[in-house]
Every structure is written in structure tokens, then in C-alpha cells.
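Worksheet for the structure shown next.
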């Protein structure tokens, strides 16, 4: 779960990571009020989950609340790389002396936590890493030990950050690492991490990704998802507890198992088509799950045909076929349904479908045949 | 000799008294796995179809000499269950539980590696099946046959598909290992490849990878240095969009890392044949064995 800047900063503040004081605004009036409360210069920042907001004109500095109102009216409603701006974060402007980069994440290869720090902040860190890798300092942290004080100091010195601010910088890195661990984050990134003209340290941005497996132990995150823009079809799928992702193609896909579902998307692509979605109907592939899934796919006007790809393991294909028949008893199919059943009791399953004899249900023997048929039918509409 | 589980496996089930745990433990028993104990705190003294239940791993091991554990404990308690099993001297821990926080997995992984000899398979995996000998987990057994192909996979259903294709071609399996789709699996491809390389019964290896992380790239480096047996691979997720979780918590591409194409190229560079369609895995293994 990727958080907005304002959400990440609220979490930082709760763990004493220094952040500029600010307020959320959804109208120019609210932005003006926020600026008035803060007093002096403020920064008006578009809250969209995409990089390059500044370059796109989504971040502006206002001298007073009148100007803040004007800027807010310009930024609200703006489209930044396909994301419409609905929210602004209005915060006190910071007098910047130096801009750094800092992040904590999990290095899956090393199975350790990884700190990345650079003196070249405020820009695209991947570009910095490509152009001058010596400017990007990496350090592994044993999850059993956590970030030790000497490691935090070493990051500051190795990355050649301002040594006059070494103490507050190391302390801030420690707090960010605590946030990363205690809040069950997949990623905590601050770019830029700033040393102010007064010698203080402040997190001027936040990019925080929460591990959705850990939501159960963080009731404080409950309201966060309300601020996310969700595709209406994905929202419907989520309500039905379906493991669904909307894609741009015309072939609707249902498979049992995430790996098989991913492989199905690939095979549809290999035979010249494009999948409309990723959908793992789970090991059981029950009638009600299939009904739910088909109703979700019916919301997508781009879908021209649907491929059900089932490999029967513990779940028997004849039971899946019966599930499909049951689902179709209460649904009117708007598109052809190509069904590939393989594995346990596949022959019996295919017989169930043959006996059902529905003009829009086409039974195939292999995944490739199924993909070819579905792509052909989706294109023929 | 298969790897990880066989006729000497004495299985303890954490969560035997739960619905899933009880169901699959029953299936594993029917297959011939020696299920010796269950552990559910607070239910010591009970039994499930004659299998005694204990309050703690220590009690269960003392009474039954269990040497392997299968974990069906809910995600909030699973990391602790793994640690308890390791502390109790269990040699092999197969964790089926899906949805364990990544921070817990990272701690458990590092603890097990640094302070114990326990081997963890999973979490979020379908388990380990040595056809004809023992099944520990939730894999279907009807499509598997005893033989000499080692199968290792990050995906469940794709594993069953590969096993089915192999069996259809008359190729049995030494052991099928589902290492799971999470960011920090207890055993990676490299760990299992090393076991298959050392296993005299295994003559060829099929590995099924997917997008995310660099486990396949690490496997390629290991294969080049240490694996003399033929290896065939399949990678899922060539068309997966970046930044989206494709069902498995580990199957997420970030930036240019973890792409299917990078994995395919890394494996092909060291002589591993990579199937384009999942159904080709069996044919490629058959060809590699001179069949």
C-alpha cells in the first residue's frame, strides 16, 4: 500500500521524525486558511502518487495566503501523468542549506534491510546511481540487530553529508529506520532529506509503502485507503474478496493460482492478444467465486471473450465444471467463455461442459488452445 | 533418496486442530506420511483422529521424536510458531501460512540461519512432496509419480501443472518443493538446487520462477558454478505491469529489477533451457534426459 506524502509525514511526525508543519486542503479556500494559520511563506504541494510533481507544476511556493489561494486553484484539478489532483498539502516553507537522499528497504537477495544514503538529494536517485554510483552509499542492516548507532554515523560520513550536522542526521536516520520497522513498511524513502539554514534536519518529502500483510497490527492505518484513487472495477472485485487487477486488453482471464494466472496473461500475449485483467480465483474455484468474477468482468466494456484456465489439483475439474454450469444458470453471458480444464478429473469436467451444451461455452484441452481461441473471439467482436 | 521428506519423516503439525491443518494433515497421512503429533497451545491432551495434541513443541518432540513440522498457524502467530519449532530441535519446518508480515519473515530468516540448523521451506508455500514416500503440505498427489526429476517452484498451481506434464511423459519426480511466493522465503532456489545436485536419485531439475526479487538470477549464478545436472526453467509474469502485486507478495516488479526477461536471460546465459509455454517444461526435461 503506497501512502500519499501527507500520510507518510503524519506517520513520521508520530515517531518524532522532524517534518515541516502543514495542513491538508481540498479547496483554494482551505489552502488559504492553512497558509494563514502557518504564516509566512508556504509550499503548496499536489498530493498524487507519482514522481516528478515539481517539474509538472504540482509544487509551488507562495509568499502569503492570497498567493496560496491562487496557486491552489491552479494545482487542484491538474492532471499529473494521468493522476488528477484532488488534495493539496500546504506546509511551512523550509530554508534549505543542503538536500540529501535516504531510504530503508528490504534487500530480498541479501535477506537483510538495506539503507541507501546520498549527498545528491532532490533529484532522481536512480539517475544518480547510474551516473555516479560512488555518490550512493549502501549499507546492509541485520534485522536481528537493527540499525546500530555506528552504522548510522558511518552512513553520514561515507555519504559525505554535512559533518556539522552529523549528530542530528544520524539521529534522523535512526528514527526513519524505526519507522520502517515499527510501521511494517516495505519502503521508507525521503528525498530530499534536508539540512536547514539553521543547521536542523527535516524530512521534506515522504514516500512510504506499507506491507499489506501487516495491516492487522496497525489499526492506525485504517483510514489511509480512503484517500486512494481506485479503479471502480477493482473496487468491486475487492468488495468480493477477489484477487483482481485491471489491465488494458480484451481477453478476460480467470485462473486458479497466482502463478497460473500470471502464466495465462503471458500465453494470451504470446498468441497475439492482451489480457483485460489478472484474476486468481483461488484453489477451490467455487461456483459463487466464478459468478462473482464473471459479474466483475461484465463491468469492463473492453472484454470481448473470457478464458477460464483451471488446473485441477486437490480441486477436481468436474466440480469446477459444475461450478461453471451453476454460475451460468443465473447469469446471461455477454461474451464467449473459453474453458480449459486440465489435471485431476479433467475428462469428467469436459464431459460436464459438453453435456451442458451452451452455445457460448467452448471447451479446450490446452492452455495455448484456450488462449488462441479466446484471443480470436475477443478480436472478432 | 528424495530430499527433505521421506519415510523417516516424523511430522508434527502446528495447527492440527484447525480446519485447514486437520484436513491437510489427514491427506498427508493417507498418502503415507508419518504424522506423529499436533501442537495447539491450550489443547494438549486432545487428539485428532488418534494423533496426540500437545501444548508445546518441546512436549511433542519429547513424546514423539518428531523431526519435521508443518505450520498452519494464522499469520499473526506463524513467525512465533516457526521459532518455537526451531527451538524445539525440529530439523525441517514447512510453513504453509500465507500473509506473514515481511518484517517478521526477515527476522525469522536471519535468526534461523545464524543460530539454528533448521531448514525452513515457505512461508506461503504448497509444501514438499516426495512421491511414493511422503507428502508434507497441500500439494495434490494424484498427478505425481516416483522418479528422478527434482521440481522446485515459487508457484503452486504451475508446479502441479509441471508435475502433471512430467508424469504424462513417463517422468516421475524425486521431490517437488514449493518454496513459496513471499519476499523472504526460508529456502531459495539456490538452497534446493544444492540439495538436488547432491541427491543421487535426482537426474534432472525443473525450476519454476516468477517476477520479483533476484532469486532466479542467483540460481543462475549457482547453476553455472555448482550444478552439473540438466536444469529446465519456466518464468511467469512477462506481461505483468510494474508496481502491482500479482497475488504473491513477492511477485511485484519495481523499476527495472525483477523482470521476467532479465531472469530468462540470466538462466539461458548459463545453459538453462527456458520454456516459453508452461506445458513445454515436461518436453524440455524429457529432451534433456535424452528421452
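Any read-out appearing in this document is the output of simple, stated calculations on the displayed coordinates, not a laboratory observation. It should be emphasised that the depicted structure is a prediction, and the values quoted were computed from it without experimental measurement. Virtual Cβ from ideal backbone geometry, glycine too; neighbours counted across all protein chains shown.
Please determine, in degrees from 0 to 90 and to the nearest 10, the orientation of helix B:189-198 with respect to the longest principal axis defined by the Cα atoms of chain B, where the helix direction is its Cα long axis. For B:189-198 against chain B, the angle is about 90 degrees.
When restricted to Cα atoms, the protein assembly as shown yields an Rg and a Dmax of 26.8, 81 Å, respectively.
Helix B:157-168 and the longest principal axis of the Cα set of chain B meet at an angle near 70°.
Residue exposure proxy: A:108, B:145, ordered by other Cβ atoms within 10 angstrom of their Cβ from fewest to most, comes out as B:145, A:108.
Over region A:21-92, the Kirkwood radius and the radius of gyration, each from Cα atoms, give a ratio Rg/Rh of 0.94. Sorting A:27, A:172, B:167 by the number of Cβ atoms found within 10 Å of their own Cβ, with the fewest placed first, yields A:27, B:167, A:172. Normalising the average separation of contacting C-alpha pairs (under 8 angstrom, six or more residues apart) by the number of residues puts the relative contact order of region B:10-121 at 23 percent.
Given chain A, what percent of its DSSP beta bridges are antiparallel, to the nearest 5? About 75 percent, rounded to the nearest 5. When Rg and the Kirkwood radius Rh are both evaluated on Cα atoms of region A:296-381, their ratio Rg/Rh stands at 0.96. Just check region B:57-135 against the gyration tensor rule for me: Cα atoms, a ≥ b ≥ c as the square roots of the eigenvalues, rounded for a/c under 1.5, and otherwise prolate or oblate depending on whether a/b exceeds b/c. Taking the square roots of the gyration eigenvalues as a ≥ b ≥ c, region B:57-135 is oblate.
Sorting the segments A:120-132, B:170-182, A:29-41 by their residues' average number of neighbouring beta-carbon atoms within 10 angstrom, most packed first, yields B:170-182, A:29-41, A:120-132. At 222 nm, what helix-only mean residue ellipticity would the protein assembly as shown give, in deg cm²/dmol to the nearest 500, using -39500 (n - 2.57) for each DSSP H run of four or more? Theoretical 222 nm ellipticity from helices: -11000 deg cm²/dmol. For an R0 of 45 angstrom, estimate the FRET efficiency from the Cβ-Cβ distance between residue B:114 and residue A:55 and round to the nearest 0.05. E between residue B:114 and residue A:55, to the nearest 0.05, is 0.50. Contact order for chain A, expressed relative to its length and based on alpha carbon pairs under 8 Å spaced 6+ residues apart, stands at 12 percent.
Centre-to-centre separation between the Cα atoms of region B:1-32 and those of region B:94-153: 12 Å.
Using a cutoff of 8 angstrom between alpha carbon atoms and counting only pairs six or more residues apart, the relative contact order for chain B works out to 15 percent.
Legend: mean number of C-beta atoms from other chains within 10 angstrom of residue C-beta atoms, peptide A:263-275, equals 4.
Put simply, region A:96-226 fits an ellipsoid with semi-axes of 24, 17, 15 Å; these come from the alpha carbon gyration tensor as the roots of five times its eigenvalues, largest first. Helix B:215-226 axis versus longest C-alpha principal axis of chain B: approximately 80°, rounded to the nearest ten. Expressed per residue, the C-alpha convex hull volume of region B:1-70 stands at 77 Å³.
The orientation-averaged projected area of the convex hull spanned by the Cα atoms of region A:33-178 comes to 10.7 nm². DSSP bridge analysis restricted to the protein assembly as shown gives an antiparallel fraction near 50%, rounded to the nearest 5. Spin-label model, residue A:228 to residue A:70: label points 7 Å out along the Cα-to-beta-carbon direction sit 3.8 nm apart. The convex hull defined by the C-alpha atoms of chain A has an orientation-averaged projected area of 22.2 nm². The orientation-averaged projected area of the convex hull spanned by the Cα atoms of region B:142-288 comes to 7.8 nm². Label reach from residue A:358 (point 7 Å along Cα→C-beta): in region A:239-255, amide nitrogens under 17 Å belong to A:252-255.
Treating only the Cα positions of region B:89-166 as identical point scatterers, give the base-10 log of I(q)/I(0) from the Debye formula at each q in 0.17 Å⁻¹. The Cα Debye sum returns log10 ratios of -0.74. What is the P(r) of region A:228-311, as percent of Cα-Cα pairs per 10 Å bin from 0? Reading upward from the zero bin: 19, 57, 23, 1.
For region A:232-380, the gyration tensor built on C-alpha atoms gives a rounded shape. Its axis ratio a/c (a ≥ b ≥ c) stays under 1.5. Taking the fewest neighbouring Cβ atoms within 10 Å as the starting point, the ordered list for A:289, A:250, A:84 is A:84, A:289, A:250. Summarising the label geometry, the points placed 7 Å from Cα in the beta-carbon direction at residue A:135 and residue A:63 lie 3.3 nm from one another. Work out the P(r) tail for chain B: percent of alpha carbon pairs separated by more than 34 Å, whole number. Here the tail beyond 34 Å accounts for 17 percent of pairs.
Once the mean of 1/r is taken over each pair of separate Cα atoms and inverted, region B:10-121 shows a Kirkwood hydrodynamic radius of 13.7 Å.
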